[in-house]
Each structure stands twice: as structure tokens, then as C-alpha cells.
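Coordinate-derived values only; no laboratory data. Everything numeric in this text was worked out from a predicted model, so none of it was measured. Reconstructed Cβ throughout: ideal geometry from the backbone, glycine too, with neighbour counts over all protein chains shown.
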Amino acid sequence: MLIKEYDQEHVLCTTSDTFFSDLKDRAKELKATVFFDAVSGEMTGKTLEQLPSRSKVVFYGALSEKPMSEIDPLLLIGRSYSI
């Protein structure tokens, strides 16, 4: 729907079985290094892991009403991620 109706080239669905691998591929292809997070919860860490080194999460909400989780501190250091 989003691709056709809004003429978008890159649309990913978080319920897809291939979401994380698709995200990783697109982030590499597009050189995406910023992730805007309004949801929080376990998706924050899982999504961050798919981004290239030196990527950044801009956290501005908690629609899931859960704290950020699934964030590996070693990846923050090793890949120079920032939140």
C-alpha cells in the first residue's frame, strides 16, 4: 500500500520474518546511520544492531510504554553506537 499509494521506494514491515535482514541490507545500501525511535522497548536494541558502525539512535518517545532494552553494551563500545 505505501509503495504504490505514496510512491515510496523503501518500505519495511516490522512483522515480516525478514524485517531485520531487510533493514540491515537497506541500511548498508543507503548508508543509513540514524534511527529515530518513538516506540522504545526491545525493538530499539534489535534495530540498532542492524545499522552500520557509528550509527545513532535518536530516542524521543515510548509508545510501547516499555524501557529501551536488548541493547548490548559491548556493541555500543565496539561499533561506536550512540543514543
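Taking every residue in the range 29-48 that is surrounded by fewer than 13 Cβ atoms within 10 Å (Cβ to Cβ) and pairing it with any residue that is basic (Lys, Arg) and outside any helix (DSSP H, G or I), at least 6 positions away or on another chain, the pairs with Cβ-Cβ distances below 7 Å are 34/56.
Residues of the range 1-28 being among the basic types (Lys, Arg), surrounded by 13 or more Cβ atoms within 10 Å (Cβ to Cβ) and free of Cβ contacts under 8 Å to residues at least 24 places away in the same chain, which ones?
26 - this is the single residue of the range 1-28 that is among the basic types (Lys, Arg), surrounded by 13 or more Cβ atoms within 10 Å (Cβ to Cβ) and free of Cβ contacts under 8 Å to residues at least 24 places away in the same chain.
For the range 1-41, filtered to residues that are among the hydroxyl-bearing types (Ser, Thr, Tyr) and over 20 Å from residue 67 (Cα atoms), the residue that is nearest to the chain's Cα centre (by Cα) is 33.
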